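Undergrad: Got a structure for you, questions after.
The values are calculated or read from the model by the stated rules, or taken from the named source; none is laboratory data. Bear in mind that the values here come from a model prediction, so they are computed numbers and not experimental data. As a convention, Cβ positions derive from the backbone with ideal geometry for all residues, glycine included, and neighbour counts pool all protein chains shown. SASA here: full protein model, heavy atoms, side chains in, ligands and nucleic acids out. Shrake-Rupley method; radii C 1.70, N 1.55, O 1.52, S 1.80 Å.
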Amino acid sequence: MPNNSSQTRSYTVNGFAHASRAADVVAALDSNLTLGLSTTEIDERRDTFGFNELPKDRQQSYAALVLRQFKSPLIYLLLVAALMASLLGNLGDASVILVVVIINAAIGAVQEGRAARSMAELQRLSAVSARVVRGGIEQVVNARDLVPGDILLLSTGDAIGSDARIVECAALQCAEAALTGESVPVVKESGTLASETILADRTNMVFSGTHVTAGRARAIVTATGLSTEIGKIARLTATTREAPTPLETRIAQYGRNLVVAALIVFVLVVTLGALRGLQFIDIFMVAISQVVSMVPEGLPVAMTIALAVGMQRMARRGAIVRRLAAVETLGSTSIICTDKTGTLTRNEMMVSTVWLPDERTFEISGNGYAPAGDIKLDGFPFVPDLALRKAMEAAALCNDSKLIAPDAADSRWRVLGDPTEGALLSLAMKGGIDVDVLRKDWPRWGELPFDPSTKMMATAHVGPHAEQQVFIKGAPEVLVRFCGRNDKSDLRISVDDPQQQIMLEAADRMAHRGLRVLAIATVENSLLESGKTMESLAGKATLLALI
């Protein structure tokens, strides 16, 4: 764990980072925007600041889980009943009651122990990753390993693993509802803000626990672990007591009512016996036996077995319940509000269909980001021709992401950056395009980052023979109408009003199949000069494909 002095330093950097120039923050954290931190510096800072994680709940021992099963008014009544039965000499009844209590505790402890192990495994599998620059090399690390001074590379769809000061950004927006309650994405910038700027208005900062919804950025980590803004909330919630479930509340109320009823019966029996002149010891024994007979020995174990069966049935459907009593609570739930991406889905995308303006439709097979799959036209394998290859090259060049091949740490193909762009790279590789060689032959000379207002992005490239080309990708309903009239050739088809309608109808057909559709276009013999906007390209673009 980090010592107190290190925590103070981290708080200080984080507290004033928004009011300092980005260059000053980088200098204060002794980092380098191009090279990042070295392995030695990372190890030293981890020793000082600790791992980038919030305190975890202590793993309860099996003995603790067993003892927790006894925390119920009904169990208390059964134990009292067992004691009274033994005092009356009914050792058989007392033994039965104790066996019931022990079986009940064992069943509950076993089920909750399994759930705890499953939860721990899920937390391990759902660890957040971060794209960083370390030693001059771009790499993906577990967010747990981030330290102050790390250089973060952020893009659309990324989960942010620490608080960081934005150094440079392009059309960056972040969803910060979990932290600030702001329901719409917050537009970010890299400028300096006033020192008194409140947390929700610190637009030059990104925070742990939030997500990038659009754009990209380079940022420097200013705080980790409990020193982050979400960590401060964790400090407050650590002292919050867990509320009882509805079932536990009803059982507690039932136990109290049973105690009251038992006391009333006890008093009535003793009173009636005394009025009839019976000996007190006889009256007392009769009263005790009546109280014992009122306790439902089978109820706790029957209830535990029913809940355990429910827990097992839910586990087979992929739902893990940590506390046995919570099964009934979840069973009473009628509406669940949840995030989708990365929760209900894997946050992976794959190109399944490509439509060209000559009205040919190609079907693409495969799985995930792996560049293995077939390209088929009318059900038959198809080797990409010039038109299809041009569209694939444009999709790979107008792209800020990178595909990572399987390695010892992960057997799957992964994407560094936006999932949609990763799918486009996989498509290009399925078409036989070497993306690294393509990007080397067509270096980027300029760009217009994705803008939510235009729903498009553009990149300018110069080819191996000094060809100048701008590639655009964006929403079909915008980009199709953005295209203008061009001469027909094998590589492109001009766009006029009737053709625009055909293309928009093709996009609609794909969308009705549940597909997310992107349009790809090109502007030939053009570059993006300084100060140019997307509007300067209007009417000059030629549609290459709908993907």
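Undergrad: Would you mind checking which residues have amide H under 5 Å from Arg134's amide H? H placed 1.01 Å from N; only 5 or more apart, or other chain.
TA: Those lying under 5 Å, H to H, from Arg134 are Gln139.
Undergrad: Further question on the same structure: Which residues does the label zone of Asn525 cover in segment 445-464, counting backbone N under 17 Å from a point 7 Å along Cα→Cβ?
TA: 461-463
Undergrad: Net charge within 15 Å of Arg509 by Cβ-Cβ distance, Lys/Arg positive one each and Asp/Glu negative one each, not counting Arg509 itself?
TA: Values: positive: Arg360, Arg513, Arg516; negative: Glu359, Glu363, Glu477, Glu505, Asp508.
Result for the local shell: -2.
Undergrad: Same structure again: Just order 97-106, 144-153, 270-279 by mean Cβ neighbour count inside 10 Å, highest at the front, would you? Intermediate results must be reported in sequence, preceding the final value.
TA: Details: 97-106: 18.4, 144-153: 23.4, 270-279: 11.8.
Highest-to-lowest ranking by the protection proxy: 144-153, 97-106, 270-279.
Undergrad: Using a 7 Å offset from the Cα along the Cα-to-Cβ direction at both Val265 and Asp374, what is the distance between the two label points in nm, to one decimal?
TA: Taking the simple label geometry, Val265 and Asp374 are separated by 7.5 nm.
Undergrad: Here's a follow-up. Counting Lys +1, Arg +1, Asp -1, Glu -1, what net charge surrounds Leu172 among other residues with beta carbon under 9 Å of its beta carbon?
TA: Values: positive: Lys188, Arg216; negative: Glu189.
Local charge sum for Leu172: +1.
Undergrad: Moving on. In nm, give the distance between the simple-model label positions of Arg509 and Leu67, each being 7 Å from the Cα along the Cα-to-Cβ direction.
TA: 6.9 nm
Undergrad: How do the peptides 352-361, 393-402, 530-539 rank, highest first, by the average count of neighbouring beta carbon atoms within 10 Å per residue? All intermediate terms of the calculation are to be shown ahead of the outcome.
TA: Numbers: 352-361: 17.4, 393-402: 23.4, 530-539: 12.9.
By packing density, highest mean first, the sequence is 393-402, 352-361, 530-539.
Undergrad: Taking amide H atoms as placed 1.01 Å from N in the peptide plane, list the residues 5 or more away in sequence, or in a different chain, whose amide H sits under 5 Å from that of Val167.
TA: Sorted by chain and number, the residues that satisfy this are Arg218, Ala219, Ile220.
Undergrad: Compute, for Glu138, the solvent-accessible surface of its heavy atoms (probe 1.4 Å) with the complete set of protein chains present, and express it in square angstrom to the nearest 10.
TA: 80 Å²
Undergrad: In terms of modelled amide H atoms, which long-range or inter-chain residues lie less than 5 Å from the amide H of Glu447?
TA: Result for Glu447 returns Ala460.
Undergrad: Now a separate question. Among the listed pairs Lys188/Lys532; Lys188/Lys376; Lys390/Lys455; Lys232/Lys455; Lys430/Lys532, which are separated by more than 31 Å between their Cα atoms? Provide the component values of the computation, followed by the final result.
TA: Values: Lys188/Lys532 21 Å; Lys188/Lys376 42 Å; Lys390/Lys455 22 Å; Lys232/Lys455 36 Å; Lys430/Lys532 34 Å.
Distance filter (> 31 Å) returns Lys188/Lys376; Lys232/Lys455; Lys430/Lys532.
Undergrad: Only bridges whose two residues both fall in the chain count here: according to DSSP, what percent of them are antiparallel, nearest 5? If you can, show how the numbers build up before the last one.
TA: Values: 63 of 65 bridges.
Approximately 95 percent, going by the DSSP bridge assignments.
Undergrad: Using θ = phi - 60° and the Karplus curve 6.51 cos²θ - 1.76 cosθ + 1.60, what whole-Hz ³J(HN,Hα) does each residue of segment 162-178 get, with Gly and Pro shown as x?
TA: So the Karplus estimates, Gly and Pro as x, are 7, 6, 8, 8, 6, 9, 8, 8, 9, 6, 6, 9, 10, 8, 10, 4, 5 Hz.
Undergrad: Here's a follow-up. Once you put a point 7 Å from the Cα of Glu189 and another 7 Å from the Cα of Thr329, both along the Cβ direction, what distance in nm separates them?
TA: The answer from the label model is 4.4 nm.
Undergrad: How large a share of the accessible area of segment 171-265, in percent, is made up of carbon and sulfur atoms when the probe is 1.4 Å and the other protein chains stay in place?
TA: On the way: 2850 of 4730 Å².
Roughly 60 percent, rounded to a whole number.
Undergrad: Determine the gain in length on full extension of the stretch Ser536-Val383; use 0.36 nm per residue of separation and subtract their C-alpha separation, reporting nm with one decimal. Could the numbers behind the result be given before it?
TA: Details: separation 153, 0.36 × 153 = 55.08 nm, distance 3.55 nm.
Gain in length upon complete extension: 51.5 nm.
Undergrad: Quick one: which of 315-328, 24-37 comes out on top by average Cβ neighbours within 10 Å, and what's the full order, highest first? Please report the intermediate quantities before stating the final value.
TA: Values: 315-328: 15.6, 24-37: 17.3.
Top of the packing list down: 24-37, 315-328.
Undergrad: Pick out the long, greasy-scoring helices in the chain: whole DSSP H runs spanning 30 Å or more along their own axis by Cα, mean Kyte-Doolittle at least 1.0.
TA: Those that pass (Cα extent of 30 Å or more, hydropathy at least 1.0) are 246-275.
Undergrad: Also: Specify which labelled value, from (i) 46, 31, 20; (ii) 50, 33, 29; (iii) 64, 30, 20, agrees with semi-axes √(5λ) of the Cα gyration tensor in Å derived from the coordinates of the model shown.
TA: (iii)
Undergrad: Take Ile305, project a point 7 Å from its Cα along the Cβ direction, then tell me which residues of segment 81-104 have their backbone nitrogen under 16 Å from it.
TA: 96-104
Undergrad: Enter the accessible area per residue of the chain (Å², integer; probe 1.4 Å; all protein chains in place).
TA: Numbers: 28440 Å² over 547 residues.
Counting only protein heavy atoms, the per-residue value for the chain is 52 Å².
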